[in-house]
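Down below is the structure, laid out as structure tokens.
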Amino acid sequence: MQARQIKIFDTTLRDGQQCPGAGMSFENNIEYAKLAAKANIDIIEVGFPSASKLDYMIVHSVAKEIVENKSSPIIAALCQLRENQIVTTVRSLEPAIKYGRARLHTYVPVDSQLMSALGDYGKNFSQIIKDVYNYIKIATQADVEVEFSPEGYSRMGEQFNFVTDLIRAAIEAGATIINCPDTIGGACKLQGREYFVEKMNDHAKIIEKEFPNKKITWSAHCHNDFGLALENSINAVIYGPATQIEGCFNGIGERAGNVSLEQSIMFLKKFGACENNKMRYYTNVKIEHLQAISDFVSINMLQRQPHWPITGENAAKHSSGGHTNAIIKNPLSYQPFDPNEIGKKISFLFGPFSGGNHAKDIIEEFGYICLEEEKACIAQFIKDFHSERRKGITDSELISTYIEYRKPI
Ligand code: KIV
Ligand code: ZN
């Protein structure tokens, strides 16, 4: 079986911080980048250096702290397609340039609704194509690798040829990564296949034919407005040409967020062997760090929902009697993978549907004796005692109720 590595492009610090309420201090940006680097994330998009002095400092400092050699993560920074922004962004990446680990990411809209915001410039296609070539050239001449995004790719509509011209100009100027964004997260299930499989495949074929000697990385950047970011990203990998997924931890990002990286990584780990068994997809991320990164984002950026897939508080917590019984015997009985692999512990909550084994386990953990024949009766007493507590009780509440049960009448 052939194996294909899928690169993970983490934009938690850039697209993630564009999410209202998720911005972090300078120190936390550095801290986050260190966590991502420790987990072997391939590319860390740190920010938008031309937006403010602080953003510039963050990108520059992360590049300085993180990049130590030629196998350090690549540090990426975003800018609009404007000469002054390209120059500032290249400068901010300087500490990473000497090790060949700097990436400038630039974009132009190709969706007519986004282009209308550009006024007359948005109608001047030939000028936009020339600018793509000329401005990207500035970055590639400074030894920075360039990623180009036709923003709003999934709403390009009739503009396939214009998008091809832009991609061609970007590649002629030296760009080596082409990223296709579902900017407004509006690609529905069917359109998702149309854009992230068919159109991307068509573009990749045209480019391969025109530039047979260039190695181009295709990338998917999906927002989650209809909850389809994971499906669209995975389609782009398994059925389309993508070998890079862009997203954020905990799925944070503009509006309804970006694709969740922990979901993408664990999905590829579990289902990475393709249907026809001819290809296996994998990432180089050290999954034992996923929980810690997700916790960091939840504490410092935006609080995670308890039932959030993979890393949420409830993702490995069990309450019902039947599930608890099974899981005590076999952790995989009610888990899609062993949560220990990502640095998460299985836990239990005693609630209205819990049973004798669960009660017995806690009672014995606290050093009391619970006989096999009385466990059901004790569990029932505890449930009746707390019948109003539909959300469950803590282990210490369970123990005080057990002591109550033991009191002589
Ligand atoms: O969603 C988007 O289109 C973006 C681009 C800048 C890549 O974030
Ligand atoms: Zn985005």
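The values are calculated or read from the model by the stated rules, or taken from the named source; none is laboratory data. This one's a predicted model, so the numbers in the text were calculated from it and none came from an experiment. Cβ coordinates were reconstructed from backbone atoms using ideal geometry, including for glycine residues, and neighbour counts include every protein chain displayed.
Points to keep in mind about this one:
- Only one of S333, S319 that is modelled with pLDDT under 95, surrounded by fewer than 17 Cβ atoms within 10 Å (Cβ to Cβ), of a type outside the set (D, E, K, R) and under 33 Å from the mean Cα position of the chain (by Cα): S333
- When the criteria are applied in full, K34 fails the requirement of being among the charged types (D, E, K, R), surrounded by fewer than 24 Cβ atoms within 10 Å (Cβ to Cβ), out of contact with any helix residue (DSSP H, G or I) (no Cβ under 8 Å at 6 or more places or on another chain) and under 27 Å from K269 (Cβ atoms).
- Pairing each residue of the range 11-25 that is among the small types (G, A, S) with any residue that is away from ligand 1 (no atom under 15 Å from the Cβ) and part of a loop (DSSP other than H, G, I, E, B), provided the two are 6+ apart or on different chains, yields C-beta distances under 7 Å for G16/M301; G21/L302; A22/M301; A22/L302.
- Any hit, the range 151-167, residues being away from ligand 2 (no atom under 16 Å from the Cβ), free of Cβ contacts under 8 Å to residues at least 40 places away in the same chain and at positive phi: no
- Matching residues, the range 139-159, being within 16 Å of ligand 1 (Cβ to nearest atom) and assigned to a helix (DSSP H, G or I): A139, Y153, S154, R155
- Some residue of the range 257-274 being over 30 Å from E372 (Cβ atoms), touching a residue at least 60 places away in the same chain (Cβ under 8 Å), within 16 Å of ligand 2 (Cβ to nearest atom) and in a loop (DSSP other than H, G, I, E, B): yes
- Only a single criterion out of (1) farther than 27 Å from I6 by Cα; (2) within 16 Å of ligand 2 (Cβ to nearest atom); (3) buried (at least 18 other Cβ atoms within 10 Å of the Cβ); (4) among the hydrophobic types (A, V, I, L, M, F, W, C) is not satisfied by C180, namely (1).
- In this structure, G356 qualifies as small (G, A, S), touching a Lys or Arg at 6+ places or on another chain (Cβ under 6 Å) and either crowded, with 17+ Cβ neighbours inside 10 Å or at pLDDT 95 or above (or both).
- Residue in the range 298-316 that is more than 30 Å from A33 (Cβ to Cβ) and part of a loop (DSSP other than H, G, I, E, B) present: no
- Meets criteria (charged (D, E, K, R) and within 16 Å of V90 (Cα to Cα)) for K70: no
- When restricted to residues that are over 23 Å from the mean Cα position of the chain (by Cα) and closer than 16 Å to V259 by Cα, the range 183-210 contains 0.
- Boolean, E145 is closer than 16 Å to Q80 by Cβ and touching a residue at least 12 places away in the same chain (Cβ under 8 Å): no
- Residue in the range 332-339 that is closer than 30 Å to C19 by Cβ, outside any loop (DSSP other than H, G, I, E, B) and out of contact with any strand residue (DSSP E or B) (no Cβ under 6 Å at 6 or more places or on another chain) present: yes
- Complete set of residues in the range 129-138 that are within 16 Å of ligand 1 (Cβ to nearest atom) and either among the polar types (S, T, N, Q) or touching a Gly at 6+ places or on another chain (Cβ under 8 Å) (or both): I136
- Single residue of the range 244-256 satisfying the filter (out of contact with any Lys or Arg (no Cβ under 6 Å at 6 or more places or on another chain) and more than 21 Å from F148 (Cα to Cα)) that is nearest to ligand 2 (Cβ to nearest atom): R255
- Each residue in the range 192-216 was checked for being touching a Lys or Arg at 6+ places or on another chain (Cβ under 9 Å), surrounded by fewer than 18 Cβ atoms within 10 Å (Cβ to Cβ) and touching a residue at least 24 places away in the same chain (Cβ under 8 Å), and 3 of them qualify.
- If you go through the range 225-256 and keep only what is touching a Gly at 6+ places or on another chain (Cβ under 9 Å), crowded, with 24+ Cβ neighbours inside 10 Å and not in a helix (DSSP H, G or I), you end up with G247, C248, I252, G253.
- Checked against the criterion of being modelled with pLDDT of 95 or more, over 22 Å from K270 (Cα atoms) and surrounded by 17 or more Cβ atoms within 10 Å (Cβ to Cβ), the range 363-373 contains one or more residues that satisfy it.
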